[in-house]
Amino acid sequence: MSKVLQQLAIARRQFQPRGIYAICSAHPWVLEAAFDQAVEDGSDLLIEATSNQVNHVGGYTGMLPEDFRRRVLEIAASKGFNESRLILGGDHLGPNPWQKENATAAMQQAERTVEAYVKAGFQKIHLDASMACGGDPEPLSGETVAARAATLCAVAERASGEQKPVYVIGTEVPTPGGATESLNELAVTSREAAAETLATHRRVFKQAGLADVWRRVIALVVQPGVEFNHDSVVDYDSSQAGHLTALLDEEEGLVYEAHSTDYQRPEAYRQLVRDGFAILKVGPALTFAMRETLTALSQIEGELVPHWRCSHLVDVLERMMLDKPANWQHHYAGNEQAAHMLRRYSYSDRVRYYWHEQRVKEAVDVLMANLGSNSIPETLLSCFLPDEYRAVRTGTLKPDAHSLVIHRIRGVLRPYAAACGN
């Protein structure tokens, strides 16, 4: 088992801050790009699944934790990646997928999911019981959140073998997956709130007989002032988070985990790592880049292939999202034209919930087959994929559709890798 997560706080205290980025996606091409990047860098790789994406009843991907692990290991083996350098994490493990049920029922489901993750060999567990369930007062008290996190932690400890997991506590504001409201009033977590979260969890864990486990709580999730909504990004401002950095000086063994770091400028990632936000989560930006590339490739397809043979991928995606609106309709407001734009182009990229649908997979297969049987002219790459065009012209990238997609995804990862010291 990789020890890199436990070493992050040590490196910071030795004035040699390092970081690690966490891949929050189940798409095989995203995972492939991540392994390619890690192999090139010679680095460890942290890959995470969320509780609504993968859980004990399948999640929206239809995968159990053991299925997700199997998929990741298969891709790792195909890339020649050393399994000992792989870290699997569970993100927002708690009652979130079942929060409409009463608290007892939702927590029972959450316990089964945590148990399934740990038994499947996931080594990093984010305990997040911050959301109110049916019948709960809102917002939940810090005491209730900590007590439920301790309950889930105890389940994880019982399910684990000799290799005990490490834990992350806390949650960011707004809720996971990108904000839906205006970001003008985004607030950085206060020092007082962060300190209170730590103190309450530490006390409740001790009362629950988990005092020894606290040594394996490696990170706290806070809001450092980074977020995105449908069409804008809040850029990191180090001067607004200094109080959080100072708090780490009093909390030996801890770093921060920053969520929703997608779409930040490259220098922000270096600043975040320097300031103690050593675990950087990235997810929607990866599938956003993939979607952009596939859209561009479908435009290229339209120039090379008769209309009747085309995949019509963009139209298939739109039809699928309209047929199954549950994954976007409560997130995208406005009239039909506004919703249409958000379905296609929102930073929150709720298109990512549809790539596993059979009709969409078939359209992608047709697209890749069509482009595989036709050489893509450099002039079309220049028009539709200019970054990839430049890489093809320098001889560092093959001009086939699959390589173009992977290259675009890795373009998101490279700033993270550089900032983390890889």
- Message: For the ranges 387-394, 256-263, 129-136, what's the packing order if you count other beta-carbon atoms within 10 Å of each residue, average per peptide, and put the highest first?
- Response: 256-263, 129-136, 387-394
- Query: Considering the chain, what Rg and Dmax in Å follow from its alpha-carbon atoms?
  - Reply: 21.5, 69
- Task: Sequence neighbours fewer than 8 away in the same chain don't count; with that in mind, list the aspartates and glutamates whose C-alpha is under 13 Å from K324.
- Result: E357
- Query: What is the percent of Cα-Cα separations in the stretch 213-287 that go past 15 Å?
  - Reply: 53 percent
- Whole-Hz Karplus couplings 3J(HN,Hα) for the stretch 215-222, θ = phi - 60° and coefficients 6.51, -1.76, 1.60, Gly and Pro as x, run 5, 9, 7, 9, 7, 10, 7, 9
- Task: Could you work out the Rg to Rh ratio of the stretch 222-372, with Rh taken as the Kirkwood radius (inverse of the mean 1/r over all Cα pairs)?
- Result: 1.11
- Item | Convex hull volume of the stretch 287-411 per residue (C-alpha atoms, cubic angstrom) | 106 Å³
- Message: Once you keep just the Cα pairs under 8 angstrom separated by 6 or more residues, what percentage relative contact order results for the chain?
- Response: 17 percent
- Message: Bins of 5 Å, beginning at zero and ending with the bin holding the largest distance: percent of Cα pairs per bin for the stretch 36-92, please.
- Response: 4, 20, 28, 20, 15, 11, 2, 0
- Once amide H atoms are built 1.01 Å from N in the peptide plane, which residues 5 or more positions from A278, or in another chain, come under 5 Å H to H? Y256
- Task: Kindly flag which residue pairs out of K281/K361; K124/K281; K3/K164 have an alpha-carbon separation exceeding 21 Å in this structure.
- Result: K281/K361
- Task: Using θ = phi - 60° and the Karplus relation 6.51 cos²θ - 1.76 cosθ + 1.60, list the HN-Hα couplings for the stretch 296-311 in order, rounded to whole Hz, with x at every Gly or Pro.
- Result: 4, 5, 5, 5, 5, 4, x, 7, 10, 10, x, 3, 5, 9, 6, 6
- Rounded if a/c is under 1.5, else prolate if a/b is larger than b/c, else oblate: which is the stretch 1-119, with a ≥ b ≥ c the root eigenvalues of its Cα gyration tensor? oblate
- Query: Among 141-154, 319-332, how do they line up from the highest to the lowest mean number of other beta-carbon atoms within 10 Å?
  - Reply: 141-154, 319-332
- 3J(HN,Hα) from dihedral phi, the stretch 385-397, Karplus parametrisation 6.51/-1.76/1.60, rounded to Hz, x for glycine, proline: 9, x, 5, 5, 4, 5, 5, 5, 5, 7, x, 9, 9
- Query: Can you give the % of DSSP beta bridges in the stretch 4-282 that are antiparallel, to the nearest 5?
  - Reply: 5 percent
- Work out, in µm²/s and without decimals, the Stokes-Einstein translational diffusion coefficient of the stretch 374-417 at 37 °C, 0.692 mPa s, Rh from Kirkwood over C-alpha pairs. 309 µm²/s
- Give me the aspartates and glutamates in straight-line cross-link reach of K100: C-alpha distance below 14 Å, same-chain residues under 8 apart excluded. D136, E138
- Query: Ranked highest first by average number of other Cβ atoms within 10 Å, how do 347-353, 77-83 line up?
  - Reply: 347-353, 77-83
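Since every read-out is calculated from the coordinates, none of them should be taken as a lab result. Quantities reported herein were computed from a predicted structural model and do not represent experimental measurements. Every residue, glycine among them, receives a Cβ derived from its backbone with ideal geometry; neighbour counts consider all protein chains shown.
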